[in-house]
Amino acid sequence: MTLARLTLHKSYARAHVAEVIVPGPARVEPACPHFLLDRCGGCQLQQLDYDAQLAAKRALVGDALRRIGKLAVADPEIIEAAEEWRYRSKITLAAVRARRGDARPVVGLHPYDRPGRAFALLDCHIADFRLMQLWREVRARLDLLPPALARLTLRLDRDGGRHVVAESPGVPWQTADALRAALSDAETVSCWWHPPDGAARVVAGRRTGFPATAFEQVNPEMGALARAWAVAQLGEVGGGPVWDLYGGIGDTAALLAARGAQVVSVDADEMAIDWARNRGVQARFIAARAEDAITTLPDPLAVVVNPPRAGLHWSVTLRLRERPVPRLAYLSCDPATLARDLERLSINYRVVAVRAFDLFPQTAHVESVASLEGVGAQLGPPPEGGS
C-alpha cells in the first residue's frame, strides 16, 4: 500500500510516492543510491523484482496493441535479459549549470521530476563496468572538456574502442588531445566534437573505425536476439529483394544476406552507411531517408523496419499500405508508436506474431518485434521456428 501525491499540470497529471505504508510482495530495495537520493530518471523500475518488471512490460506492450492498435491480442511473450545490470554500452550525460556564468557545469543525469536540472553521477549500475571506468577518469578531468559543454556521451564499440563525444557550440574542442592523454589505454580512445547543428568529427585519436554517433542498441547481446527473431519470421527470402529500412550499421542486412536475400539497406546516417559498406556484406547500402529512398527501390519480397522512437514516417506507411509485401517485420522501441503504425497498416496486413525483448532492465522501456503478413500478397514458405 502506497500513499501518493498528485500534481496536476495543464495536459497531464503526475503521481509521486509520498510514503510506502505496506510494501508489496514484488518490492525490493533499489540497488543504485542515485535512484532514491537523486530521484534518477534513468531507471523507473528498480523498486520491483525482475519477474515483476517483465510482467509489467508484457502488460505495457499488450495494452498498447489493444488500446491504440485496436488488435485482439494477448500480452506477448517476453524474452528476459541475459544480464539485469551492467549491460549498457552507451551513456549520455547532461551538462547543466546551476546559475548563469558558473565556470563548471554539473555533469550527470536528470532527476525524473526536474528535467532541467542534473545531479553529479558517481556510478550508473546499468552501464558496463568499462564505461564507468572511463567515466571516473573523465570526471577527474572535467576541466579538459569544452567550456560550453551541453552533453557528454560515452560509448563502447564492438572492436574494443572507447569514445568520448562532447556536444558543445562555438569553436571545436581544443583540449581533446590533453584529455585523451590523461586516460588509461589512451590508444583505444577517440574523442569526438559534435556541434549543435553539424556532424560529429574526431578531434583526438583514431579517425577511422566504428562511428560513435551511429545508432546501435545499447544492449548489443539482446539486440542481436531481437534482430535474429525478426529475420526468422520472414521465412525463405533467398534470391528475392528485401528492404532493410532504418538499417543503421548493417547488422540486419548481414543476417538477410546470409539467408541469400538481395538486400537493400537504407539509413539517413551517412557515417553508419559508410561503415556498413566496409563490412564485406553482400548488400546495397543507401545513405538517405527511408521515405525518400523507397520510391526508387524494386518491389520487395519482404521488408524489415526498425524506425526511431517516433515510428514510421507517414510516406513509408502509405507505400506499405498501397502495395503490401508478403512479409513485414517491425522492430520497435516504443509500444505506443508500434501500435499506432500497426493500426494504420491493418487495412492490408495481418499480425501473425508479436514478441517482446527486455533490452532495458530496470527501466520502463521495452523492445517489441511484430511479424506481419500482407493480405492477399503471395507468401513463400512459413518462417523457421514459427512464432
Query raised in the report: If the Cβ limit is 8 Å and pairs must be 6+ apart or interchain, which residue in region 282-293 that is assigned by TED's automatic domain parsing to the domain that holds Gly260 pairs with which residue that is of a type in the set (Lys, Arg) and at pLDDT 95 or above?
Result: Phe285/Arg277
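Taking Gly223, is it part of a loop (DSSP other than H, G, I, E, B) and not polar (S, T, N, Q)? Break it down stepwise before answering.
Values: part of a loop (DSSP other than H, G, I, E, B): no; not polar (S, T, N, Q): yes.
For Gly223, the condition - part of a loop (DSSP other than H, G, I, E, B) and not polar (S, T, N, Q) - is not met.
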Query - Boolean, Leu245 is on the phi < 0 side of the Ramachandran plot, touching a residue at least 24 places away in the same chain (Cβ under 8 Å), within 15 Å of the chain's Cα centre (by Cα) and assigned by TED's automatic domain parsing to the domain that holds Pro307 - result: no
Report summary line: Expected single match for under 20 Å from the mean Cα position of the chain (by Cα), free of Cβ contacts under 8 Å to residues at least 60 places away in the same chain and surrounded by fewer than 19 Cβ atoms within 10 Å (Cβ to Cβ) among Ala268, Ala258, Ala276 is Ala268
Query raised in the report: Is there a residue being touching a helix residue (DSSP H, G or I) at 6+ places or on another chain (Cβ under 8 Å), hydroxyl-bearing (Ser, Thr, Tyr) and either within 30 Å of Ala370 (Cβ to Cβ) or modelled with pLDDT under 95 (or both) anywhere in region 88-99?
Result: yes
Requested in this report: Would you check if there is a residue in region 40-61 being free of Cβ contacts under 8 Å to residues at least 24 places away in the same chain and in a loop (DSSP other than H, G, I, E, B)?
Outcome: yes
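Results for (1) surrounded by fewer than 16 Cβ atoms within 10 Å (Cβ to Cβ); (2) part of a loop (DSSP other than H, G, I, E, B); (3) of a type in the set (Phe, Trp, Tyr), shown as yes or no for each residue.
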{"residue": "Ala72", "(1), (2), (3)": "yes, yes, no"}
{"residue": "Asp75", "(1), (2), (3)": "no, yes, no"}
{"residue": "Ala82", "(1), (2), (3)": "yes, yes, no"}
{"residue": "Ala95", "(1), (2), (3)": "no, no, no"}
{"residue": "Arg99", "(1), (2), (3)": "yes, yes, no"}
{"residue": "Val107", "(1), (2), (3)": "no, no, no"}
{"residue": "Asp113", "(1), (2), (3)": "yes, yes, no"}
{"residue": "Asp123", "(1), (2), (3)": "yes, yes, no"}
Query raised in the report: Quick check, is Thr208 on the phi < 0 side of the Ramachandran plot, of a type in the set (S, T, N, Q), more than 16 Å from the chain's Cα centre (by Cα) and in a loop (DSSP other than H, G, I, E, B)?
Result: yes
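Here are some residues: Val202, Val165. Which one is surrounded by 20 or more Cβ atoms within 10 Å (Cβ to Cβ) and either touching a strand residue (DSSP E or B) at 6+ places or on another chain (Cβ under 9 Å) or closer than 26 Å to Tyr87 by Cβ (or both)? I'd like the intermediate steps shown before the answer.
Numbers: Val202 fails: surrounded by 20 or more Cβ atoms within 10 Å (Cβ to Cβ).
The unique qualifying residue is Val165.
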Report summary line: All conditions in (1) acidic (Asp, Glu); (2) surrounded by 18 or more Cβ atoms within 10 Å (Cβ to Cβ); (3) at pLDDT 95 or above are true of Glu216 except (3)
Query raised in the report: Across region 354-376, what is the number of residues that are out of contact with any Cys (no Cβ under 6 Å at 6 or more places or on another chain), within 13 Å of Arg58 (Cα to Cα) and not in a loop (DSSP other than H, G, I, E, B)?
Result: 6
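The values are calculated or read from the model by the stated rules, or taken from the named source; none is laboratory data. Computed from a prediction, not measured in an experiment: that's the story for all the values here. Note that each Cβ is placed from the backbone with ideal geometry, even for glycine, and that neighbours are counted across all protein chains shown.
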